[in-house]
Amino acid sequence: MRKTILSFAIASLLITFLFCAGCTTTPVSPPNSPAEITPSPDVKYPDITGTWKSENEAGWNLNTTIQDVAVGENTWVFASQEGPVVKGFKLFRQPYGPDVNQTVLGIVDPDGKSLTIIDQPGGWAKGTLIDPDTMSIVLTYSSGKDTGGNSFALIMMLHRVKGTV
């Protein structure tokens, strides 16, 4: 009987301790939603809206070997920009397939010279502004249906088409 009472007392103390430990923690605040995040007013982001066309495109598939890929002209359209966030789409012809239109979302770094871009099938691109109307792009895919299951890398220069938005 004594062992039962002692076990019950220890269990009660343990349960009480666990409840009290939970009561003393502070609730975790959820992260800010994108609408609540505002860029610093001290940062001046370059306006990259407009239509950009490529030149000097080069691409490679990587599977068990590395294969050169013929890359044709790309057209990237940054239709809107709010602070560092740019939205738009890109148009291109796949080497062995149809014309493609993919949604893109980019974020300009606070340095105002570089941006990171993702596209709808999951590619990642790093853009570097050479001047206000010239951007170097390095794009990668780890694999997927758009690349025939291969990993893929591409480099190209984009030039802004004057008078476009």
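Scan the range 82-100 and tell me whether some residue there is touching a Ser or Thr at 6+ places or on another chain (Cβ under 6 Å) and more than 18 Å from TYR45 (Cβ to Cβ).
There is at least one residue in the range 82-100 that is touching a Ser or Thr at 6+ places or on another chain (Cβ under 6 Å) and more than 18 Å from TYR45 (Cβ to Cβ).
Restricting to the range 51-78, give me the number of residues that are buried (at least 16 other Cβ atoms within 10 Å of the Cβ) and either part of a loop (DSSP other than H, G, I, E, B) or of a type in the set (Lys, Arg) (or both).
2
Are any residues in the range 142-165 farther than 19 Å from GLU55 by Cβ and either of a type in the set (Lys, Arg) or modelled with pLDDT of 85 or more (or both), and if so, which ones?
Across the range 142-165, the qualifying residues are LYS145, SER151, PHE152.
What strands (runs of 3 or more DSSP E), lying completely within the range 85-165, carry at least 3 residues that are exposed (fewer than 13 other Cβ atoms within 10 Å of the Cβ)?
Per the criteria, 99-108.
Going by the structure shown, is ASP99 acidic (Asp, Glu), within 24 Å of THR164 (Cβ to Cβ) and either in contact with a strand residue (DSSP E or B) (Cβ under 7 Å, 6 or more places away or on another chain) or not assigned by TED's automatic domain parsing to the domain that holds GLU57 (or both)?
The answer is yes for ASP99.
Name the one entry in VAL71, VAL104 that is modelled with pLDDT under 95 and of a type in the set (A, V, I, L, M, F, W, C).
Only one candidate qualifies: VAL71.
The values are calculated or read from the model by the stated rules, or taken from the named source; none is laboratory data. Predicted model only: the values in this text are computed from it and were never measured. Heads up, the Cβs are rebuilt from the backbone with ideal geometry, glycines too, and the neighbour counts pull from every protein chain shown.
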